[in-house]
């Protein structure tokens, strides 16, 4: 035990009156899926969905129970059509619900238009019709991919807190890290582009 560790231990004992730390700090992080039952995970996901509904204006007409199914389906690697079948709805409605919940798939970004240019137009608050004109694309397509970018921006502003918590509850460690890495990479790229755009103004 080095001098700094001894000082920290003495401080702990003085503050808490306990002689030993109860948690083993060297223990592996482990998977929350092992510690949380499926029923508890669903309850906590529902609570997160409720918190998001209070904070954001959801575009989908889904209730909280349906949104929980969207979240669980997403982390079970179901595609939108599969989730839609379970909810007796269509894939477009599921997409809208996913984006409400900051759940963006990699293929959502595969657009027939330059996403970096669209992002700059959104950052500059350019109206939808003008975005479509500048990108020489139809308004429906621009609106769809604008929703993807808006979802990514909301997730970044929230520091990916909600998607991280969903992932903690619903995926194993490897998948969780993969989802988090994808989200972080997208968010960092977007943040950098926003900064560059604002700097150029």
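Residue 95 meets all of the listed conditions (1) exposed (fewer than 14 other Cβ atoms within 10 Å of the Cβ); (2) in a helix (DSSP H, G or I) but one, namely (1). When each of 182, 172 is tested for being modelled with pLDDT under 95 and under 22 Å from residue 42 (Cβ atoms), the lone residue that passes is 172.
Within this structure, residue 167 passes the test of being surrounded by 14 or more Cβ atoms within 10 Å (Cβ to Cβ) and either part of a helix (DSSP H, G or I) or modelled with pLDDT of 95 or more (or both).
Determine, yes or no, whether residue 104 is surrounded by 15 or more Cβ atoms within 10 Å (Cβ to Cβ), in a helix (DSSP H, G or I) and either modelled with pLDDT of 95 or more or in contact with a strand residue (DSSP E or B) (Cβ under 6 Å, 6 or more places away or on another chain) (or both). So residue 104 does not fit the description; no.
Looking at 121, 113, can you tell me which residue is over 24 Å from residue 164 (Cα atoms), surrounded by fewer than 19 Cβ atoms within 10 Å (Cβ to Cβ) and at pLDDT 95 or above? I'd like the intermediate steps shown before the answer.
Numbers: 121 fails: surrounded by fewer than 19 Cβ atoms within 10 Å (Cβ to Cβ).
Step by step, each of 121, 113 is checked, and only 113 is over 24 Å from residue 164 (Cα atoms), surrounded by fewer than 19 Cβ atoms within 10 Å (Cβ to Cβ) and at pLDDT 95 or above.
Is it the case that some residue within region 7-18 is at pLDDT 55 or above and either under 16 Å from residue 167 (Cα atoms) or touching a strand residue (DSSP E or B) at 6+ places or on another chain (Cβ under 6 Å) (or both)? Looking for residues that are at pLDDT 55 or above and either under 16 Å from residue 167 (Cα atoms) or touching a strand residue (DSSP E or B) at 6+ places or on another chain (Cβ under 6 Å) (or both), one finds none in region 7-18, hence no.
What tally of residues in region 118-154 results from selecting those that are more than 24 Å from the chain's Cα centre (by Cα) and over 25 Å from residue 101 (Cβ atoms)? Number satisfying all stated conditions: 11. The sole residue among 137, 57 that is out of contact with any helix residue (DSSP H, G or I) (no Cβ under 6 Å at 6 or more places or on another chain) and either closer than 18 Å to residue 170 by Cβ or modelled with pLDDT of 95 or more (or both) is 137. Taken together, 36, 21 contain a single residue that is farther than 30 Å from residue 93 by Cβ, more than 16 Å from the chain's Cα centre (by Cα), at pLDDT below 85 and surrounded by 11 or more Cβ atoms within 10 Å (Cβ to Cβ), which is 21.
Out of all the residues in region 44-54, which are more than 13 Å from residue 161 (Cα to Cα) and in contact with a helix residue (DSSP H, G or I) (Cβ under 8 Å, 6 or more places away or on another chain)? If you could, list the steps in order and put the result at the bottom.
First pass over region 44-54, keeping only residues more than 13 Å from residue 161 (Cα to Cα): 44, 46-47, 50, 53-54.
Within region 44-54, 44, 46, 50, 53 meet the criteria.
The values are calculated or read from the model by the stated rules, or taken from the named source; none is laboratory data. Predicted, not measured: the structure shown is a model, and the values here were computed from it. A quick note on method: Cβ atoms are made from the backbone with ideal geometry, for glycine too, and the neighbour counts reach across all protein chains shown.
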